[in-house]
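Below is one structure, written out as structure tokens; comments come after it.
What follows draws every value from the coordinates through simple rules; no lab data is involved. Small disclaimer: the values here were computed from a predicted structure and weren't measured. Ideal geometry is used to build each Cβ from the backbone, glycine not excepted, and the neighbour counts take in all protein chains shown.
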Amino acid sequence: MARYVDGYVLPVPKKNIDAYRRMAQKGAKVWRDHGALEYRECVGQDFKTKWGIPFPRAVRGKRGETVVFSWIVFKSRAHRDRVNAKVMKDPRISAMMDAEMPFDARRMVYGGFEVIVEA
């Protein structure tokens with residue numbers, strides 16, 4: 001059975017990277033506690049490209065922002081659905097959702113993906 005990945009791309013003000021990192025570390029613990037296989041959060045450094053659309057433009061990046069590229073790996077889509085249902089009921093996530101986010105969630109890009117190549 002093919003693995004499944006939830007992917008995220010979001011703009012984060014550079015001044016908020018430390019706050020975002022702290023939030024992401026807590027999130028990683030919650031997702032892993034509920035069965036996620038991997039949890040990654042990556043902060044952008046190189047967006048110079050001669051082709052395609054750079055991530056900052058895709059998320060309508062503003063001056064003073066960078067982009068975070070994140071993904072969570074699951075056994076399957078059904079596994080993702082079970083894990084995410086548990087995560088959304090976890091009080092640690094509820095507490096984070098009640099706090100002010102260190103990024104603009106309205107410009108976050110998200111999707112679920114079936115892995116078709118794994119090397």
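Things worth noting here:
- Close amide H contacts of GLU38 (hydrogens built in the peptide plane, cut-off under 5 Å, sequence separation of 5 or more or a different chain): VAL73.
- Taking Cβ atoms as reference points and 11 Å as the exclusive limit, the residues near ASP90 contribute a net charge of +4, counting Lys and Arg as +1 and Asp and Glu as -1.
- For the peptides 86-94, 3-11, the ranking by mean Cβ contacts within 10 Å, running from highest to lowest, is 3-11, 86-94.
- With a Cα cut-off of under 29 Å and a minimum spacing of 8 residues unless on different chains, the lysine pairs in the range 4-114 number 21.
- Net charge over other residues, Cβ less than 13 angstrom from the Cβ of VAL59 (K, R count +1; D, E count -1): +3
- For VAL12, the amide hydrogen comes within under 5 Å of the amide hydrogens of THR66, VAL67, VAL68, counting only partners 5 or more places away or on other chains and with H modelled in the peptide plane.
- Gap separating the Cα centres of the range 13-44 and the range 71-89, nearest whole Å: 16
- Backbone phi angles across the range 43-59, fed through the Karplus curve with coefficients 6.51, -1.76 and 1.60 (θ = phi - 60°), yield HN-Hα couplings of 9, x, 10, 10, 10, 7, 9, 9, 9, x, 10, x, 3, x, 6, 5, 9 Hz in residue order; Gly and Pro are listed as x.
- Full-stretch length increase - ALA95, LYS75 - with 0.36 nm per residue and alpha-carbon distance subtracted: 4.5 nm
- Calculated mean residue ellipticity at 222 nm for the chain: -10500 deg cm²/dmol, from DSSP H runs with n ≥ 4 weighted as -39500 (n - 2.57), summed, divided by the residue count and rounded to 500.
- Rounded to the nearest 20, the Cβ-based charge dipole of the range 1-118 about its Cα centre (Lys and Arg +1, Asp and Glu -1) stands at 220 debye.
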